[in-house]
Amino acid sequence: MKALVQRRYGSAVFGDLDVPVPGPGEVLLEVRSAGVDMGTWHLLTGRPYLVRVLGFGFRGPKSPVPGRDVAGVVKETGPGVTGFSPGDEVFGTCEGSFAEYAVAPVSRLARKPANVSFAEAAAVPISGGTALQGLRGVRAGHRVLVIGAGGGVGSYGVQIAKALGAHVTGVCSTSKVELVRSLGADEVVDYTVADFTGTYDLILDCGGNRKLSRTRRALTERGTLVLVGAENGGSLTGGFERALGAGLLNLFVKHTLVPLMSTERSDVFEELRVLVEAGKVKPPVDREFPLSEGLDAIDHVYSRRSRGKVVVTI
Ligand SMILES: NC(=O)c1ccc[n+]([C@@H]2O[C@H](COP(=O)([O-])OP(=O)(O)OC[C@H]3O[C@@H](n4cnc5c(N)ncnc54)[C@H](OP(=O)(O)O)[C@@H]3O)[C@@H](O)[C@H]2O)c1
């Protein structure tokens, strides 16, 4: 099969690999589209170095193919698989979706939303799932601030918070203002012009690495700050110490400070399927790249040029 092949951190080439074989609890997928997110860049480069000790491979990547978000068609089922059959259209996550075929555990798959393309479905799992898990507890009437609202997680954060009935303010740079407005944000703050003001019941922080003290000042007395991530935190830990600090501080303050570690599970993807089919969440696909240009797709996300999501189409 054709695939983007990654033998060591920092480089990959378009080449050939054997089609993988599904083990117990897994299916072989004919990949139609693969989503790209900042995680794809981290696992391609092995940076920050923290990812190497988190189980993705110390000296080199464990998976010879990059990409986790996937949408495709079940080709073959492994031993013990129930609930999925050849021909089923699915989406979710796997190891190595930048390829014509990939093996995925059924515990990380759900039926593809019927009303969207494979490209749109592949743009949902990690970013949408992270936003969904970060917004747990949001209720109608809550005021929600999404920092990094024009990016992958943030663009779902805006839509899911609106679907939950919140009043949503999105923070982004100038080129993403129109997108964030189109996603349904009640207010949009262009942080290159002015920083956000006001107080919020929940802040979903997906970009910028603002100081905790600065962001906490924008919370209501019992407000919640969910730290998703940011890209300006250094090559060793990637700024993870900020999340760690928030977890410790959480023990002593009235605010709830959540260092989010999202999980990839079929029940989360099933919730997203329902939201997408109800028209409450629309995958904001900015650009599609062919598989042979997979590295350009990752670079497009890394360089922050993408508005919403980028996908690789096989
Ligand atoms: N904790 C978890 O489980 C989890 C899961 C998924 C992702 N992540 C991490 O979360 C972060 C966001 O992921 P993503 O996929 O959404 O990345 P992304 O698509 O690159 O989005 C991040 C957004 O933040 C914006 N941004 C940068 N500086 C900003 C600032 N000062 N103020 C406001 N916005 C700013 C960026 O563009 P503009 O500057 O042009 O607005 C970009 O749109 C990444 O670091 C990723 O690794 C964590």
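The values are calculated or read from the model by the stated rules, or taken from the named source; none is laboratory data. Since the model is a prediction, treat every value here as computed from it, not as a measurement. Reconstructed Cβ throughout: ideal geometry from the backbone, glycine too, with neighbour counts over all protein chains shown. Each accessible area value is taken on the protein alone, full model and side chains, heavy atoms only, with ligands, DNA and RNA left out. Shrake-Rupley method; radii C 1.70, N 1.55, O 1.52, S 1.80 Å.
How many percent of the accessible area of the stretch 102-197 is carbon or sulfur, using a 1.4 Å probe?
55
For the stretch 128-259, calculate the relative contact order in percent as a whole number, restricting contacts to Cα pairs under 8 Å that are 6 or more residues apart.
Taking the mean separation of contacting Cα pairs over the length of the stretch 128-259, I get 20 percent.
Excluding same-chain residues fewer than 8 positions from Lys62, which lysines have a Cα within less than 30 Å of its Cα?
Lys2, Lys75, Lys112, Lys309
Hey, what's the chain come to in accessible area per residue, 1.4 Å probe, Å²? If you can, show how the numbers build up before the last one.
On the way: 13600 Å² over 314 residues.
Heavy-atom accessible area per residue stands at 43 Å².
Specify the residue with the greatest mean-square fluctuation among Gly60, Gly229, Gly207, computed from a Gaussian network of the chain linking alpha-carbon atoms under 10 Å apart.
Checking each option, the largest mean-square fluctuation is seen for Gly60.
As a test of understanding, state the convex hull volume per residue of the stretch 128-259 from its alpha carbons, in Å³.
Cα convex hull per residue, to the nearest whole number: 97 Å³.
How large is ³J(HN,Hα) for each residue in the stretch 77-90, as worked out from phi by the Karplus curve 6.51 cos²θ - 1.76 cosθ + 1.60 (θ = phi - 60°), to whole Hz, x for Gly and Pro?
For the stretch 77-90, the Karplus curve yields 10, x, x, x, 7, 10, x, 10, 9, x, x, 5, 9, 9 Hz.
Per residue of the chain, what 222 nm ellipticity follows from adding -39500 (n - 2.57) for every DSSP H run with n ≥ 4, rounded to the nearest 500?
Calculated at 222 nm, the ellipticity per residue is -7000 deg cm²/dmol.
With all distinct Cα pairs included, what does the Kirkwood hydrodynamic radius of the stretch 1-141 come out to in Å, to one decimal, could you say?
Here the Kirkwood hydrodynamic radius works out to 15.7 Å.
Taking the Cα centre of the chain as the origin and placing charges on Cβ (Lys, Arg +1; Asp, Glu -1), which of Leu291, Gly308, Val171 is farthest toward the positive end of the dipole?
So the residue we want is Val171.
Can you tally the net charge around Ser175? Count Lys and Arg as +1, Asp and Glu as -1, for every other residue whose Cβ sits under 13 Å from the Cβ of Ser175.
+2
Under a Cβ-Cβ cut-off of 11 Å, what is the net charge of the residues other than Gly229 that fall near it, where Lys and Arg count +1 and Asp and Glu count -1? Please report the intermediate quantities before stating the final value.
Values: positive: Arg242; negative: Asp37, Asp205, Glu231.
Value of the local net charge: -2.
Given the Cα-Cα distance of Asp186 and Leu248 and 0.36 nm per residue of separation, how much length would full extension add, in nm?
My answer for the length gained is 19.0 nm.
At 1.4 Å probe size, what's the solvent-accessible area of Arg242? Round to the nearest 10 Å².
Counting only protein heavy atoms, Arg242 exposes about 40 Å² to solvent.
If you add up the charges near Asn209, with Lys and Arg at +1 and Asp and Glu at -1, over every other residue whose beta carbon is less than 10 angstrom from its beta carbon, what do you get? Show your work: numbers first, answer last.
Details: positive: Arg210, Lys211, Arg242; negative: Asp205, Glu231.
That works out to +1.
For an R0 of 22 angstrom, estimate the FRET efficiency from the Cβ-Cβ distance between Thr263 and Leu236 and round to the nearest 0.05.
0.35
Please work out the Kirkwood hydrodynamic radius for the chain, using every pair of different C-alpha atoms, and report it in angstroms with one decimal place.
On the way: mean 1/r = 0.0509 Å⁻¹.
About 19.7 Å, per the Kirkwood formula over Cα pairs.
Can you work out the Karplus-derived ³J(HN,Hα) for every residue in the stretch 259-268? Use 6.51 cos²θ - 1.76 cosθ + 1.60 with θ = phi - 60°, whole Hz, and x for glycine or proline.
x, 6, 10, 6, 10, 9, 9, 5, 5, 5
If R0 is 45 Å, what FRET efficiency do you get for Glu221 and Lys62 from their C-beta distance, rounded to 0.05?
The pair Glu221/Lys62 has a calculated efficiency of 0.50.
Arrange the residues Asp69, Asp18 by how much accessible surface each exposes, largest first, with a 1.4 angstrom probe.
Asp18, Asp69
With a 1.4 Å probe and all protein chains in place, put Phe98, Phe14, Phe56 in order of accessible area, largest first.
Values: Phe98 0, Phe14 95, Phe56 75 Å².
Accessible-area ranking of Phe98, Phe14, Phe56, largest first: Phe14, Phe56, Phe98.
Just to be sure I understand: of the beta bridges DSSP finds with both ends in the chain, what percent are antiparallel, rounded to 5?
55
Might you work out the accessible area of Thr197 for me, using a 1.4 Å probe with all protein chains in place, and round it to the nearest 10 Å²?
110
Would you calculate the separation in nanometres between label points at Ser173 and Glu277, each defined as 7 Å from the Cα along the Cα-to-beta-carbon direction?
In this crude spin-label approximation the distance works out to 3.8 nm.
When the solvent-accessible surface of protein heavy atoms is calculated with a 1.4 angstrom probe, in what order do Phe252, Phe269 fall, highest first?
My answer, sorted largest first, is Phe252, Phe269.
Using a basic spin-label model with each label point 7 Å from the Cα along Cα→Cβ, how many nm lie between Thr256 and Ser303?
Output for this residue pair reads 4.0 nm.
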